[in-house]
Amino acid sequence: MKQGRGQKTFLESIMEGDRMKISASEIMKCRKQALIFEISVERGWDSYKFIRRWMNSEVRSCLDHEDPAFSSQSRYYLLEVFEEDNRMESGETYDIDMMHWIGYLYSYWHYAHEVTSKEILAMITPEDILKNYDVLHTQSNKYTLDWIYERVNRIYRQESNNLIR
């Protein structure tokens, strides 16, 4: 990511536009995604694959862009449409509480910072977040997102320094 003098990085521009207060309808959408992530565990789907496929799916993209045909649908309908394009296999599942939390966090992140699901996955892996679940899930969403951005910025600075050398 090339940056000219005086230009903000992608992450700086996100933080500057940080809304952090989301509407009641957006909170309901966060809860819906959290429950979708729970259902994936109940169905025995491989959590690692599910998170990546869901976050990169057309369904999630439609939700990111507030497509009314998707935003108003039940979680079961959204999963049905998702399954039409994504054959999910059984596999190792994460703890249902972890999946609920990260599903909610990802959706909250989208609404609070206006970034797409694909951009979220490009910044930090779910595994890197979930390694710190024990501490992060007890914190506010703002604290958790600040923690994530701090790590992402540190990685970005290290990569930039390595390119300069």
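Quick notes on this one:
- Test: residue in the range 128-146 that is of a type in the set (Ser, Thr, Tyr) and in contact (Cβ under 8 Å) with a residue 60 or more places away in the chain: no
- Some residue of the range 58-68 being touching a residue at least 24 places away in the same chain (Cβ under 8 Å), under 17 Å from Ala122 (Cβ atoms), out of contact with any Phe, Trp or Tyr (no Cβ under 8 Å at 6 or more places or on another chain) and surrounded by fewer than 22 Cβ atoms within 10 Å (Cβ to Cβ): yes
- Residue that is modelled with the highest pLDDT, among those in the range 1-35 that are touching a helix residue (DSSP H, G or I) at 6+ places or on another chain (Cβ under 9 Å) and acidic (Asp, Glu): Glu26
- Being part of a loop (DSSP other than H, G, I, E, B), among the basic types (Lys, Arg) and more than 17 Å from Gln33 (Cβ to Cβ) is a property that Arg87 has.
- The conditions of being surrounded by 15 or more Cβ atoms within 10 Å (Cβ to Cβ) and of a type outside the set (S, T, N, Q) are met by Arg75.
- Condition broken by Asn162, with the remaining ones in (1) part of a helix (DSSP H, G or I); (2) loosely packed, with under 12 Cβ neighbours inside 10 Å; (3) modelled with pLDDT of 90 or more; (4) of a type outside the set (Phe, Trp, Tyr) satisfied: (3)
The rows are residues; the columns are (1) surrounded by 15 or more Cβ atoms within 10 Å (Cβ to Cβ); (2) touching a Gly at 6+ places or on another chain (Cβ under 8 Å); (3) closer than 22 Å to Glu42 by Cβ.
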{"site": "Ile96", "(1), (2), (3)": "yes, no, yes"}
{"site": "His110", "(1), (2), (3)": "yes, no, no"}
{"site": "Glu114", "(1), (2), (3)": "no, yes, no"}
{"site": "Leu121", "(1), (2), (3)": "yes, no, no"}
{"site": "Ile129", "(1), (2), (3)": "yes, no, yes"}
{"site": "Leu136", "(1), (2), (3)": "yes, no, no"}
{"site": "Asn141", "(1), (2), (3)": "yes, no, no"}
{"site": "Glu150", "(1), (2), (3)": "no, no, no"}
{"site": "Arg154", "(1), (2), (3)": "no, no, no"}
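- Enumeration of residues in the range 36-46 that are more than 14 Å from the chain's Cα centre (by Cα), buried (at least 16 other Cβ atoms within 10 Å of the Cβ) and either modelled with pLDDT under 95 or assigned to a helix (DSSP H, G or I) (or both): Glu38, Ile39, Ser40, Val41
- Some residue of the range 137-152 being modelled with pLDDT under 90, in a helix (DSSP H, G or I) and over 11 Å from the mean Cα position of the chain (by Cα): yes
- Among the residues of the range 58-84, those that are part of a loop (DSSP other than H, G, I, E, B) and within 19 Å of the chain's Cα centre (by Cα) comprise His65, Glu66, Asp67.
The values are calculated or read from the model by the stated rules, or taken from the named source; none is laboratory data. Remember, it's a predicted structure, so these values are computed and weren't measured experimentally. Because the Cβ atoms are built from the backbone with ideal geometry, glycine has one as well, and the counts that use them run over all protein chains shown.
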